[in-house]
Amino acid sequence: DTEVTQTPKHLVMGMTNKKSLKCEQHMGHRAMYWYKQKAKKPPELMFVYSYEKLSINESVPSRFSPECPNSSLLNLHLHALQPEDSALYLCASSQDGLAAQQYFGPGTRLTVT
Amino acid sequence: GENVEQHPSTLSVQEGDSAVIKCTYSDSASNYFPWYKQELGKGPQLIIDIRSNVGEKKDQRIAVTLNKTAKHFSLHITETQPEDSAVYFCAAGKLGMEYGNKLVFGAGTILRVKS
């Protein structure tokens, strides 16, 4: 089973709202990733967690705050977003930081109004 | 940093024909090259990957070739079917990084298979 689940599927939020995106995997993977994908563009890496520790932050603005409560869960906390942050947010996981194959979830479609 | 270029941006083929998508990368240290298929409203799905110690890999109708000297790799789909219609992304990464496998994606190719 290579399933990564993400909730919610769709999210509409105002610029003053606080919301969270959730990602879950039960494959025993120890590396998890957040990507941002704008329409008709490739995924862009935002954050990497390896063994529940933040290992890569691709200079993402502080209005995006990742959290890895345990090895199966990954959250992305959103606050004071801008309309240009509207995108598909994808979560992925791999066996560990050294492993090659990353498996993606279906994504959360975020619209900031 | 790594830069991945992907061509063509769109590709239309007749059902049953072959499709070829090409990518070039800039960082000679990259040693892992996956291909992802993304259907409308879905996340990218890993369809095949290749490591730098291998020149070619096949999985049924799909094959990937790698030329390390020229720093390019290609996806070959034979006997295309309408369900192959999707956006295809190539990517490049470096294995063995404890902090995580950072992938850099190409711009994507929209493949349309006409029946």
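Available extension along the chain between A:Met15 and A:Gln82 is 23.5 nm, counting 0.36 nm per residue and deducting the alpha carbon span. Relative contact order (percent) for chain A, with alpha-carbon contacts under 8 angstrom and 6 or more residues of separation? Answer for chain A is 37 percent. Counting every pair of alpha carbons in the protein assembly as shown, the share spaced more than 24 Å apart comes to 44 percent. If R0 is 35 Å, the Cβ-Cβ spacing of A:Asn57 and B:Val54 corresponds to a FRET efficiency of close to 0.60. Treating each Cα of segment A:36-92 as an identical point scatterer and summing with the Debye formula, the log10 of I(q)/I(0) at q = 0.16, 0.20 Å⁻¹ comes to -0.51, -0.79. Loop-located trypsin sites (Lys or Arg not before Pro) across segment A:1-60 with a Cβ neighbour count of 13 or fewer within 10 Å are A:Lys9, A:Lys38, A:Lys40, with loop assigned by DSSP.
For the residue pairs A:Lys22/B:Lys102; A:Lys53/B:Lys94; A:Lys40/B:Lys114; A:Lys22/B:Lys57, the C-alpha atoms sit more than 31 angstrom apart in A:Lys22/B:Lys57. The slack in the chain from B:Arg61 to B:Ser26, taken as 0.36 nm per residue of separation less the alpha-carbon distance, amounts to 9.8 nm. Listed from fewest to most Cβ neighbours within 10 Å, the set A:Leu90, A:Leu54 follows the order A:Leu54, A:Leu90. Segment A:1-77 and segment B:49-81 have Cα centres separated by 30 Å. Between B:Ser28, B:Ser74, B:Ser52, the Gaussian network model of chain B with springs among Cα atoms under 10 angstrom shows the greatest mean-square fluctuation at B:Ser28. FRET efficiency for the B:Lys68 to A:Met27 pair, using the beta carbon distance and R₀ = 25 Å, is estimated at 0.20.
Read-outs throughout are calculated quantities, based only on the coordinates presented, and are distinct from any laboratory measurement. Quick caveat, the model's predicted, so the values are computed rather than measured. Neighbour counts run over all protein chains shown; Cβ positions are idealised from the backbone, glycine included.
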